[in-house]
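Trainee: Pasting in a structure now, in structure tokens, and then I'll have a few things to ask.
Where a number appears in this text, it was derived from the coordinates with a stated rule and is not lab data. Since the structure is predicted, the reported quantities are computational estimates derived from the model, not experimental observations. Methodologically, a virtual Cβ is constructed for each residue, glycine included, from the backbone with ideal geometry; neighbour enumeration extends over all protein chains shown.
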Amino acid sequence: MFHGGYEMSKKISKIEENKVVENMVTFTINDKEHKAAPGSMLIEVTDAADIHIPRFCYHKKLTVAANCRMCLVEVEKAPKPLPACATPVMEGMKVWTKSEKALTAQKDTMEFLLINHPLDCPICDQGGECELQDLSMAFGGSTSSYQELKRVVVDKDIGELVATEMTRCIQCTRCVRFGEEVSGMRELGATGRGDRMEIGTFVEKSIDSELSGNIIDICPVGALTAKPSRYHSRSWEMLQSEGIGSHDSVGSNVRLHTFKNKLVRVIAGENEAINECWISDRDRFSYQGVYAEDRVKSPMIKKNGMWKEVDWSEALEAVANEIKDANPDAVGVLASARATLEEQYLLQKLMRGIGVNNIDHRLRQIDFHDQENTDLFPNLGMSITDIEDTDAVILIGSNVRKEQPMINHRIRKAALKGAKIYTVNPRELAFNYDVVEQCVVTPAEMVNQLILIAKASFTLSKNKIPAGLGDLLKSVRSNKNAKSIAESLANAKNAAVFVGSIAEQHPAYSTLRVLALVIAENTGAKLGFIGGAANTSGAWLAGLIPHRKEAGKPVENMGKNAAEMLNHPKKIYVLMDVELEADSDNPQQALAALNQAECVIAITPYMNKKMLANADIILPSAAYSETSGTFVNIEGTWQSFKAASKSYEDARPAWKILRVLGNHLNVKGFDYVSSRDVRDELKVLCGQSENDNKFEATGTYATHTSFDNKSLQRIGEVGEYACDSLVRRAKALQDSQPEQQKVQLNNKVIKSLGLEAALTSNSHKVQVKQGGVMVEMSMSVNDMIPDGCALIMAGTKSSGLLGSAFGEIEVNL
Amino acid sequence: MAGVNKKTNTILSKHECDDIDSWIARFPEERSQSALLAALRAVMHEDHYLSTEKMDAVAEYMGLPKIAVYEVASFYSMYELDKKAAAKNSISVCTNVSCMLNGSDEVVEHIEERLGIKMGESTPDGQFFFKIEEECLAACCGAPMMQLNHVYHENLTKEKIDALLDSVKTNGILHKKETS
């Protein structure tokens, strides 16, 4: 059993933490001298020295289980071979990894492991990249002493993402330890004993973790494989390219696997400073959306209400004709924060080149009061690894676990070391670590809750309340609860205030920001912004904002922000990788704006029905993995990547489309040969900058007119798998998360609104009314939603007809 | 994670809870997981088997992941996970080497005939469960032997078995070893 292994390894890792570098121990491996810190495991030393020892259960990021016995090595004076993964180095120790004794032990272990392993490599997805297959080539015999029947284990259905073939399992327990130690949800386990031991969830259950796909990567055999890519191709037929995850602001490194020029699989890449060796399920399985049915095949122009496929020159000519003589004030440019840095930079360069300043990527934001107070870009305020060393964290308006799973992973590590975590959110969230207190308040009350904490922090620090904040804070009396949060932050050595995506969408975002700032300043905490998309930082640097040009340079004429552009409709819209019904704060308003426009030009990989209804010219752009480019993450790391797969049909990388458009419109400086040129030009302009997010707390914030507390309020945070056009088309992810399409209310609210009947059957729907439009939706109970609120996630199909993410809403039978 | 979650429990009986509490009290706080064996035994006493519902309740009560409870419950043969095993009395005949050499096959045959069931089944009246015993019960010196509920009975003969089963049926569960 591996339970003993846990205990032992915990002790060992403690020793490792106290590594004293001066007291290195000296020992020999294969008669060569090595030095290492006391307490290091043999396998760590041999791995670092490039001496290969076979292993299955050992994984550098997991505790030591020492149960596969594959890493047995000979150690002087030890009567039996010892497992290298659980043998600490000692002074004068002599180790042989390839001696007869070691090799015999390894070969015997191999024979035991193969006793019950099926010989189904030809039909196994792991074939060709299987640790067991590789090691059996090196250590396995051609015959087995075992002549009896092999055991069979019934497969488990653990959801849409991971396929199981449990007969192949060798019980290394990596997946079990991953669940306990990394994803923080122990769902897999080893039941039964002896030859009847099985890995499973015991009662059929979907693995419900945002990191579940990582068990595919760590499984050394074909027991756990990726369900969506199963049986599509063999590992040796695929080509591997480096890529960057495109669904959150972290920039996880991924490896893209292509087969016949098509992206067929994504696995985790390694980058210790960013994602270690894990990725979120969203980054892993979203690739399915690349080849969605509504990919655009060729440029298209709408004439007299009919779409016509045209060639590129005709399409680009048409675009140039539409915008070259247009009044720049009547043009609105809305682009995705998931577009590459190069695309964003060229788009704003092109549009500013013809005098247009109405440029924005902040499509879900509605409060722009203090946009001038933002650093060069809103950032984490520290490095991603620094998060592990925080000892108190307050999360403001953030569902960090679903929004930025790898940031949550670091916060979890801090929490396991004793950091105190607090939240201020419009709903209670299920965290995978202990949270000292979740302040769950309605969206409207979030500001008041922060005021209480801010007030307490002023009292505690004896700092003077800045004149600009007098109105907010003067007459407020803090409460015990808020005081204890402020105290906890102030007493911590490395406290952090993190503002998330829910706050970003909040009608009083600037107020939340200034309150977060003063709380951070008064308690000595760092301030970080953890929201945004894959390249929000890039969009700010590239100048895809109405109030600054590239690298933060001032604009001569301030443009209109995203909300203003849609609120006061423009004649012409230029959209880049944007589906406004799902990507903007207020779909109703956005679609109406597009509808009245004289011309809508869309540079997009996809064309859904709404796109076809509202656009006039469609330029097909390369989707994820089809273009080279750069993403800048929230800590300011620039990560460039090459195209991994061929562009679909006649689609082109957007930076090339923009380059040609630049030439068509005679804008200077569009003679780039590669996306590298574009990046390098911007890189020089940006230079190095220090970012701490701090600004002067003045009176530029939204005067928070409190919502009408009598009516039901919508919580419109973006669904985990609804955040962008790619993931919305990823079938397996969508199937795994049906809840995000439903209205979620707590039991009390359901009763008070008399909606119980809608719970009796799945087909029974409720009517949701917002801004004069009514939509039918399924309903589910979620007692983690506060009274007076309804959770209707943004970005989903049904919410695409509704209004603003936060606002009044009606739910009726 | 750890910590007793008494408030939400509605599935475990008071007796079971008291029993679990008394065991938790015997271990250091950070080692309360050690009381799991006893907690499952408490449930076995009441139900004679471990339902998933009860195991989940124990997990919640003790602040453990459910799978951690399933792992322990499925590892030890003294726990029954099948409702079929939920009879008043449990019979385990050792069929390992020493007992087999001393006639455990006849013992099994006799019990099967007498109760009218096969090994692994329960009598329709819910009186007896005839368990498939897999391990040596460590009483080779008294082979053939069996365990009736918690008590060992050694040097078995047909008469001895009949007397025992009759006595259990009329007098209820035997908790002490027979004196003869």
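Trainee: Whole Å is fine, so just give me how far the alpha carbon centre of the range A:378-425 lies from that of the range A:599-654.
Mentor: Here the answer is 31 Å between Cα centres.
Trainee: Hey, another quick one. May I ask which of A:Lys571/A:Lys646; A:Lys462/A:Lys694; A:Lys150/A:Lys731; A:Lys32/A:Lys107; A:Lys35/A:Lys80; A:Lys571/A:Lys683 have a Cα-Cα span longer than 29 Å here?
Mentor: Long pairs (Cα-Cα over 29 Å): A:Lys571/A:Lys646; A:Lys150/A:Lys731; A:Lys571/A:Lys683.
Trainee: Of all the stretches in chain A, which is the longest one without any exposed loop site, taking chymotrypsin sites (Phe, Trp or Tyr not before Pro) in a DSSP loop (any state but H, G, I, E, B) with at most 12 other Cβ atoms within 10 Å?
Mentor: Free of exposed loop sites, the longest segment is A:232-813.
Trainee: Oh, and also: If you count the DSSP beta bridges with both ends in the protein assembly as shown, what percent of them are antiparallel, to the nearest 5?
Mentor: Numbers: 60 of 108 bridges.
Antiparallel bridges make up about 55 percent of those DSSP assigns within the protein assembly as shown.
Trainee: Return the long-range amide H neighbours of A:Ile715 (sequence gap of 5 or more, or a different chain), with a cut-off of under 5 Å between placed amide H atoms.
Mentor: So A:Ile715 has HN proximity to A:Ala790, A:Leu791, A:Ile792.
Trainee: Please report the spacing between the Cα centers of the range A:187-241 and the range A:53-122 in Å, no decimals.
Mentor: The two parts, judged by their Cα centres, are 23 Å apart.
Trainee: Along the charge dipole of the range B:14-75, pointing to its positive end and built from +1/-1 on Cβ of Lys, Arg, Asp and Glu, which listed residue (B:Val72, B:Met62, B:Thr52) has its Cα farthest out?
Mentor: Toward the positive end, the furthest listed residue is B:Val72.
Trainee: Another one. Which whole-Hz ³J(HN,Hα) couplings does the range A:798-813 yield from phi under the Karplus relation 6.51 cos²θ - 1.76 cosθ + 1.60, θ = phi - 60°, glycine and proline marked x?
Mentor: Ordered by residue, 3J(HN,Hα) equals 5, 6, x, 9, 7, x, 4, 4, 10, x, 6, 8, 10, 10, 10, 6 Hz.
Trainee: Are there any GluC sites (Glu not before Pro) in the range B:1-86 that are in a DSSP loop and have at most 15 other Cβ atoms within 10 Å? List them by number.
Mentor: Sites meeting the loop and neighbour criteria: none at all.
Trainee: Same structure again: Scan around A:Val162 for amide H atoms under 5 Å from its own, H built in the peptide plane at 1.01 Å from N, and keep only partners 5 or more places away or cross-chain.
Mentor: Placed amide hydrogens put A:Lys227 under 5 Å from A:Val162.
Trainee: Kindly provide the trypsin sites (Lys or Arg not before Pro) of the range A:652-736 that DSSP labels as loop, not H, G, I, E or B, and whose Cβ sees at most 10 other Cβ atoms within 10 Å.
Mentor: A:Lys668, A:Lys710
Trainee: What's the longest bit of chain A with no exposed GluC sites (Glu not before Pro), using DSSP loop states and at most 13 other Cβ atoms within 10 Å as the test?
Mentor: So the longest stretch without any such site is A:294-555.
Trainee: Provide the gained length on full extension for the span A:Ser313 to A:Glu690, in nm with one decimal, where the gain is 0.36 nm per separating residue minus the Cα-Cα distance. Walk me through the numbers before you get to the answer.
Mentor: Details: separation 377, 0.36 × 377 = 135.72 nm, distance 4.40 nm.
The span from A:Ser313 to A:Glu690 would gain 131.3 nm if fully extended.
Trainee: Each residue of the range A:541-546 in turn: what ³J(HN,Hα) in whole Hz from Karplus with 6.51, -1.76, 1.60 and θ = phi - 60°, glycine and Pro shown as x?
Mentor: 5, 6, x, 8, 9, x
Trainee: I've got another one for you. For the range A:86-207, just say rounded, prolate or oblate: build the C-alpha gyration tensor, square-root its eigenvalues into a ≥ b ≥ c, call rounded for a/c under 1.5, and beyond that prolate if a/b exceeds b/c, oblate if not.
Mentor: Here the range A:86-207 falls in the oblate category.
Trainee: From Cα pairs below 8 angstrom and at least 6 apart in sequence, can you work out the relative contact order of the range B:87-171, rounded to a whole percent?
Mentor: Normalised by residue count, the contact order of the range B:87-171 is 37 percent.
Trainee: Using modelled amide H (1.01 Å from N, peptide plane; none on Pro or chain starts), what sits under 5 Å from the amide H of A:Lys549, excluding residues fewer than 5 places away?
Mentor: Long-range HN contacts for A:Lys549: A:Val555.
Trainee: Can you run phi through the Karplus equation (6.51, -1.76, 1.60; θ = phi - 60°) for the range A:650-658 and list ³J(HN,Hα) in whole Hz, with x for Gly and Pro?
Mentor: Running phi through 6.51 cos²θ - 1.76 cosθ + 1.60 with θ = phi - 60° gives 9, 5, 10, x, 4, 5, 6, 4, 5 Hz.
Trainee: Averaged over its residues, how many other protein chain Cβ atoms are within 10 Å of peptide B:66-79's Cβ atoms?
Mentor: The mean count of partner-chain Cβ atoms within 10 Å per residue comes to 5.
Trainee: Can you tell me, using C-alpha contacts under 8 Å and at least 6 residues apart, the relative contact order of chain B as a whole percent? List each step's numbers first, then the result.
Mentor: Values: 254 pairs, mean separation 31.1, N = 180.
Normalised by residue count, the contact order of chain B is 17 percent.
Trainee: Rounded, prolate or oblate: pick one for the range A:603-745, where a ≥ b ≥ c are the square roots of the eigenvalues of its C-alpha gyration tensor, a/c under 1.5 means rounded, and failing that, prolate if a/b is larger than b/c, else oblate. Walk me through the intermediate numbers first.
Mentor: Details: a/c = 1.92, a/b = 1.26, b/c = 1.52.
Judged from the Cα gyration tensor, the range A:603-745 comes out oblate (a/c at least 1.5, b/c at or above a/b).
Trainee: Which value in deg cm²/dmol, rounded to the nearest 500, describes the helix-derived mean residue ellipticity at 222 nm for chain A, given -39,500 (n - 2.57) per DSSP H run of n ≥ 4 and division by the residue count?
Mentor: My calculation for chain A gives -8000 deg cm²/dmol from helical runs alone.
Trainee: Take every Cα pair under 8 Å in chain A that's 6+ residues apart, average their separations, divide by the length, and report that relative contact order as a whole percent. Please list the in-between numbers first.
Mentor: Values: 1774 pairs, mean separation 104.7, N = 813.
Once normalised by length, the contact order is 13 percent.
Trainee: Please find the FRET efficiency linking B:Lys169 to B:Asp18, where r is the Cβ-Cβ separation and R0 is fixed at 30 Å, and quote it to the nearest 0.05.
Mentor: Details: r = 30 Å, r/R0 = 0.99.
Rounded to the nearest 0.05, the efficiency is 0.50.
Trainee: Follow-up question, since we're still on this one. Decide, for the range B:14-75, between rounded, prolate and oblate: order the square roots of the alpha carbon gyration tensor eigenvalues as a ≥ b ≥ c, take rounded if a/c falls under 1.5, and otherwise choose prolate if a/b is larger than b/c, else oblate.
Mentor: Taking the square roots of the gyration eigenvalues as a ≥ b ≥ c, the range B:14-75 is oblate.
Trainee: How tilted is helix A:509-523 with respect to the longest principal axis of chain A? Cα atoms for both, answer in degrees (0 to 90, nearest 10).
Mentor: 50
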